[in-house]
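Peer 1: Take this structure, written in structure tokens, and hold onto it; I'll ask about it next.
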Amino acid sequence: MGDDHSQAPRTTVMMIAYDGSSNADRAIEYAGRFLKADDARVVTAWEPGSASPARLSSLAAGFGPPPDTTFDAGVDSEIRAEAEAVNRHGLALAAANGLNATGSLVEVESTVWGALVAAADSLDVDLLVTGTSGSSGLRALLHSSVSQHVLQHCHRPVFVVPARCDEAPTATS
């Protein structure tokens, strides 16, 4: 009996961070045009209303009434439903751009970039695709860039599509 060391080729998987913005749309378009993978995972991060920074800081400081968990559950349900709709739109866009895609949501426990990096690890993706927010100057300083943090903390290749890519992507031979 001979040992057969041949293995089926590994499936390649890319993850596309999708928040419904025009920059995220552009990232999907570029991924469909220039990247090859067997599967694409369109991932939308969502933050429960009960975990919003303002709510958590006021509760930690003792301000406000005790949390009403029935209210929180209703708010969280609506926020999650909105994230699911955003994710479905991203899936449709991915399919329109020739990607074999499935979608999922990831719950933000601390930061959006942290949730995306954790999702990339959990899904064992080969490449993470993201757009940028397009902020610059003071606005960029006040709103830290998710894509910048993903680049700094992700231990996988990251493909970033800048917000200033206003022209449609074109492939050259």
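Peer 1: Going by the structure shown, is Ala94 hydrophobic (A, V, I, L, M, F, W, C) and under 15 Å from the mean Cα position of the chain (by Cα)? Lay out the reasoning, then the answer.
Peer 2: Values: hydrophobic (A, V, I, L, M, F, W, C): yes; under 15 Å from the mean Cα position of the chain (by Cα): yes.
Criteria met by Ala94.
Peer 1: Inspect all residues belonging to segment 141-151 and state whether any of them is open to solvent by 30 Å² or more (accessible area, probe 1.4 Å), touching a strand residue (DSSP E or B) at 6+ places or on another chain (Cβ under 6 Å) and modelled with pLDDT under 95. If you could, list the steps in order and put the result at the bottom.
Peer 2: Filtering segment 141-151 down to residues open to solvent by 30 Å² or more (accessible area, probe 1.4 Å) leaves 141-144, 146, 148-149, 151.
Okay, now just the ones that are also touching a strand residue (DSSP E or B) at 6+ places or on another chain (Cβ under 6 Å), so 151.
If we keep only those that are modelled with pLDDT under 95 too, we end up with 151.
Within segment 141-151 (the criterion being open to solvent by 30 Å² or more (accessible area, probe 1.4 Å), touching a strand residue (DSSP E or B) at 6+ places or on another chain (Cβ under 6 Å) and modelled with pLDDT under 95), the answer is yes, since at least one residue qualifies.
Peer 1: Can you give me the number of residues within segment 102-127 that are farther than 18 Å from Ser147 by Cα, among the charged types (D, E, K, R) and under 11 Å from the mean Cα position of the chain (by Cα)?
Peer 2: Step one: of segment 102-127, the residues farther than 18 Å from Ser147 by Cα are 102-104, 122-124.
Remaining after also requiring among the charged types (D, E, K, R): 124.
Those still in the list that are under 11 Å from the mean Cα position of the chain (by Cα) too: none.
Matching residues across segment 102-127 total 0.
Peer 1: What are the residue pairs meeting all of these: first residue in segment 16-28, first residue surrounded by 19 or more Cβ atoms within 10 Å (Cβ to Cβ), second residue of a type in the set (Lys, Arg), Cβ atoms under 9 Å, and 6 or more apart or on different chains?
Peer 2: Ile16/Arg41
The values are calculated or read from the model by the stated rules, or taken from the named source; none is laboratory data. Treat the numbers as computed from the prediction; the structure is a model and nothing was measured. Don't worry about glycine lacking a Cβ; one is built from the backbone with ideal geometry, like all the others, and counts go over all protein chains shown. To get the accessible areas, we keep the full protein, side chains included, count just its heavy atoms, and leave off ligands, DNA and RNA. Shrake-Rupley method; radii C 1.70, N 1.55, O 1.52, S 1.80 Å.
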